Each structure stands twice: as C-alpha cells, then as structure tokens.
Amino acid sequence: MKELLCLGIEGTAHTFGAAVVTGKKRILSDVRDMYTTESGGIIPSEAARHHKELSNEIIENALREANKEFNDIDIISFSRSPGLAPCLLATKDKAIELAKKYNKDLVGVNHAVSHLTSGLLFTEARNPVYIYVSGANTQIIALIDKRFRILGETLDVGLGNALDKFGRGIGLGFPSGPKIEELAKDGKYIELPYTVKGMDLAFSGIVTEAVNKYKKGFKKEDLCFSIQETLFAMLTEVVERALAFTEKKEALLIGGVAANKRLAEMLEIMCKERKAKFYSVPIKYSGDNAIMIGWQGILEYNAGKRDNLNVDIDDSERTDEVEVIWH
Ligand code: AMP
Ligand code: MG
C-alpha cells in the first residue's frame, strides 16, 4: 500500500513552516522561517504579513526538499487553533487555497495538541506527564480518558512570554529566552517572589519585580540567572506533584522553552529522584514547526477526520477541548 503523505502547514504565531510527513513516521522535509524583531515583542499583523509573503516559497521548498510534487500529497493539514488570529487566518487561507486548487483532503489541527503528539514521534516517551512550555502556553498535561487533561497551568502569561517580557524590560529583543539563558551563565542568585498556587503558576508579578530590580541597578546577569532559577523551580514543583498524582513514570518536556538546558537539568534531577524517566524533545523540534502539524494531520485523517473548505480558525481552543479520537 502507498505510504500516506501529508503536507503540514504551521503558522499560529511567529513561525511559518511547511513539512512533508509520512504515515510511517518518516519526516521528508521541514522548512520554516521565523518572524523576529530587534527590540520589542511580536506584532500580530506584522507576523501575519511575514507568513503571507513567505508561504509560497516555504511550501515549494518543503515539497522540493521531500522530492515530491502536489500530485504525490494525500492530505494538507494546517494549524487551525489556537494562536494569533491574523496569523491563523493567513495560514488557513493558504491551506484552503491549496486544498481547493489541488483537490486534497484538508485537516485542521490544534497546535498545542500537535506539540504533545509529536513529542511521542520525536522521543521514546509513551505515556508521560507532558510539560508544555512555549511562548503563549504553560501547561502540565496528562492523557486521561481520551482527553489531554490540564493538571496545572499558568494563571497569566506563558513561561516563554514571561521570559520575553522580562527580556524586553531589560532591553533584549524577541525572542529573549536564548539570550537570557546565555546571560544567566554569569549570574548570581537574587531573591524574587515565588508564586505557585495549588497546581497553577503565576509569572507576571515576578517579571514586574525583576524588571523593577533592573531599573534599580541590579545586574542583568544576576537577574537573568535568578528569574530562570525561580520560574523553573516553580514549574518543577508542579510537575513533581503531577507525577505523584497520576503515578505516571515518564515526563516529557515540549515547546519552545524546552530548548533551555537549565530547565531540562532541573526537571531531570527531580525525575531521577522519583525514579521517573525524563524526555525532552530535541532542540531542533522544540519550537513551532510544521512536522508536528503534518503528523497530527495523519493521526486525525487515519481516525476519519476531514474538514471542508469552510473550516474556520479558533484562536482560543484549549488543549482539553480536543477529543483524542486517534488512540
Ligand atoms: P514556541 O512558542 O513554542 O515556538 O516557543 C517560543 C518561546 O520559546 C519564546 O518565548 C522564546 O523566548 C522561548 N525560548 C526559545 N529558546 C529558549 C531558551 N533557550 N531558553 C528559554 N526560552 C527559550
Ligand atoms: Mg508552539
């Protein structure tokens, strides 16, 4: 039987990407481009413009890299939810345009869910507690009774956004996460507020306090080190409780902030102490990419999902709203 081929298209926020993935878990291509700024944060309309300008070129390159043509593709999947509305719209319009033009089956998927399911494609984890830390999201999740249940989450901004906001406050550009990680290597600990509320987390107050301390003359390096230690310790505490509660024996770190080595180290130490296995999505796949959208498209297509050409975006669909039909 011919191997299913899916063209995945990602474009929920800063990154526009296209990838060709097969039903036998082969990744044939992965092309992406990220909207960045020198200073200040992401401007949704500008990010959408970036996506519109580059989409044809990125999709063509993904097909070329895979050595395929539109004729060979069975499914077009795209990130339908959640994200920045202008970006979601640009991505959806392109996916519909191509599905119509080449008469392909269309599957719209949830970006966050795609991060979770592709974590099992990229690692050996099978039934983990998921630690999903991206720009906009911070959720501790486990699959229980066909839903990705959110056991704990941020009450305000995502961990990546918190780092980016702090970075903006001390004059770093977007994204700040990697720059903070670098500066933190030369830093010493300064006490900051610590806000874990049950299984939930709050980051905004800590960011404000750290930026205030910078204005009062505290060193950039020390604040970078301290904000990482504080925010990551809070997250590790909640993940430990989630492991205890669910009795799961694996933890899987996913999302853009998974690229941070100090965060992975803290989680790994905690997992070792609990005799749980720790997995992290390889750095090259931790950020937004279209492989995960392609793989999720295949899973849902195999479970019978098809979208029509009137499919709409949903900028706020939650992870636990999606029924896990593919298990
Ligand atoms: P995503 O939304 O999943 O693409 O993740 C993007 C977020 O990851 C941004 O907020 C970045 O600042 C953050 N990020 C990327 N690399 C790192 C890193 N090495 N350390 C901390 N945060 C990072
Ligand atoms: Mg993401």
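None of the figures in this text is laboratory data; all of them are computed from the coordinates on show. On a predicted model such as this, the values are computed, not experimentally measured, just so you know. Reconstructed Cβ throughout: ideal geometry from the backbone, glycine too, with neighbour counts over all protein chains shown.
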If R0 is 45 Å, what FRET efficiency do you get for residue 144 and residue 60 from their C-beta distance, rounded to 0.05?
-> 0.60
Quick one: angle between helix 204-215 and the longest Cα principal axis of the chain, in degrees between 0 and 90, rounded to 10, please.
-> 60 degrees
One finds, for residue 233 and residue 127 with R0 = 22 angstrom and r their Cβ-Cβ distance, a FRET efficiency to the nearest 0.05 of 0.30
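Filter 165/272; 92/305; 165/215; 185/275; 24/305 down to the pairs with a C-alpha to C-alpha distance above 25 Å, please.
As for pairs spanning more than 25 Å Cα to Cα, those are 165/272; 185/275.
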If each part is reduced to its alpha-carbon centroid, the range 212-283 and the range 293-319 end up apart, in Å, by 31 Å
Cα axis of helix 111-122 to longest principal axis of the chain: angle in degrees, 0 to 90, nearest 10?
-> 90 degrees
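Longest exposed-loop-site-free stretch of the chain, with GluC sites (Glu not before Pro), DSSP loop and at most 13 other Cβ within 10 Å?
Answer - 248-322.
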Label-point separation (nm) for residue 272 and residue 105, each offset 7 Å from Cα along Cα-to-Cβ?
-> 4.6 nm
Within the chain, percent of DSSP bridges classed antiparallel, to nearest 5 | 60 percent
